[in-house]
Each structure stands twice: as C-alpha cells, then as structure tokens.
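A short worksheet on the structure shown next.
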Amino acid sequence: MTLDIYLAYLAVVAIFFATPPGPSQVLMISNSLRHGWKRSAATIAGDLTANSLQMMAAGFGLAVLISNSAATMNVIKWLGVAYLVYIGIKTLRAAPPSLERDGTSGTSARRLFFQGFATSASNPKAVLFFAALFPQFIDPLLPIWPQLLILGSTYLIIDGVLLVVWGAGAEQALGKLRQNARLLNRISGGMMMGAAGLLATKNMDVH
C-alpha cells in the first residue's frame, strides 16, 4: 500500500464521518451526559469491539453470506432497535441518579460496554460496508492481511477519537444539566430512543 493510496483512504473515511451523528454517536452523547465521557469510554470500547468483529467478518468473506440473507440482517437490526428502546424507556422512567463526586452514576462499565457493543453490532450492514470499502485500497500483489490491519486500525482510531469528541463536547456543553437529574434522565432516555429511531430507518435491503 503506497502513501497516496493510504491518504486517499483517509479522505474517504473522513467524508464518511462528516455526517450527522448515527446511533453509536447518539448513544455516546447520551451516556456522556449521564455518566461523564470518561466513564462512558466503556461505550466506545463496546462500539469498537463490534466494529472489529464486523471487519473480521468482512475479511473472512462472511459478508457474502449475510448479503444473501436479508431476513438475517433485519432480525439483527430489529433486535438492536428493541434493545435501544428498552434502555431508553428504562432511563426515562428511572429515578434521578445518585451522582458521585466525579459526576457519574452507579451504572457498571460492563453495562455501558454492552450498550455500545449492541448498538454497533445491530447494524449488520456494516460488514458489507467494510467488505466494499477495504478492497478499493488493497494492493492484490501484496500480503492482504497486513493491509487489512492497517485499514481497520485506522478506521477504529478515527472512530474512537470522534466518539471521545462527541462525548466530551456534549458533557462540556450540557454539563449543567447534572444539576437537574430528572431532566437529564429524560434527555438521555430520549436520545437513546432517537438512536433506536436512527437504526430503525437504516435500509437493510441488499438487492
């Protein structure tokens, strides 16, 4: 892979991320408002873990199998939508959280990780995205897996940095909402419901 090809890849990924926030970004904003962006790093870890698995699936050719099963893709998508709706409603109905001195609640890192993982994994079309994106920048005359590692790692780093920016920015801009925990619950729950809506509108038609 030449430098020119890698820079072209960076440009394409930058254009991809220069869009309104998707479900994962909305979830990160919501969790950062409620728990602080540092604690919500577990959400980022879950998102990037799911992306890594999707990249591996694309690399091993599973994208072909998934692309031939629209029913499978829709089942995965709607399970993700249902999960986001569930945690959204749960947050809306929750009692005001007891915030610690650092501004976080008692939600476990494991739960925040799972939220990030489930939200990202609920978009099975990401496998097709990676399967379509990576070959455009791979030199077939060179070993494939090292190039996939470079492309995948670059994507994950950019995605992770942007999620931190979204979370930290939201916390700094709206951190005063912590003084009204009930309102914070409503906003966080509403944003989770919004993330479910964004995921629900994703087109899973592969034909």
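The values are calculated or read from the model by the stated rules, or taken from the named source; none is laboratory data. Owing to the predicted nature of the structure, the values given are computational and were not obtained by experimental measurement. Don't worry about glycine lacking a Cβ; one is built from the backbone with ideal geometry, like all the others, and counts go over all protein chains shown.
The single residue among Ile144, Ile138 that is under 14 Å from Ala58 (Cα atoms), surrounded by fewer than 16 Cβ atoms within 10 Å (Cβ to Cβ) and modelled with pLDDT under 85 turns out to be Ile144. Among the conditions (1) closer than 22 Å to Ala50 by Cβ; (2) modelled with pLDDT under 75; (3) in contact with a helix residue (DSSP H, G or I) (Cβ under 7 Å, 6 or more places away or on another chain), Leu177 misses just one, which is (1). Please go through the stretch 1-48 and give me each residue that is of a type in the set (Val, Ile, Thr) and not in a helix (DSSP H, G or I), ordered by number. Once the filter is applied, which keeps residues that are of a type in the set (Val, Ile, Thr) and not in a helix (DSSP H, G or I), the stretch 1-48 yields Thr2, Thr19. With respect to Ala168, is the statement that it is modelled with pLDDT of 85 or more, assigned to a helix (DSSP H, G or I), surrounded by 13 or more Cβ atoms within 10 Å (Cβ to Cβ) and small (Gly, Ala, Ser) true? The answer is yes for Ala168. Could you run through the stretch 1-37 and say how many residues are farther than 30 Å from Asp139 by Cα and either acidic (Asp, Glu) or free of Cβ contacts under 8 Å to residues at least 12 places away in the same chain (or both)? Here the count works out to 1.
For the stretch 90-113, give me the residue count where each residue is surrounded by fewer than 17 Cβ atoms within 10 Å (Cβ to Cβ) and at pLDDT 80 or above. Residues flagged as surrounded by fewer than 17 Cβ atoms within 10 Å (Cβ to Cβ) and at pLDDT 80 or above within the stretch 90-113 amount to 4.
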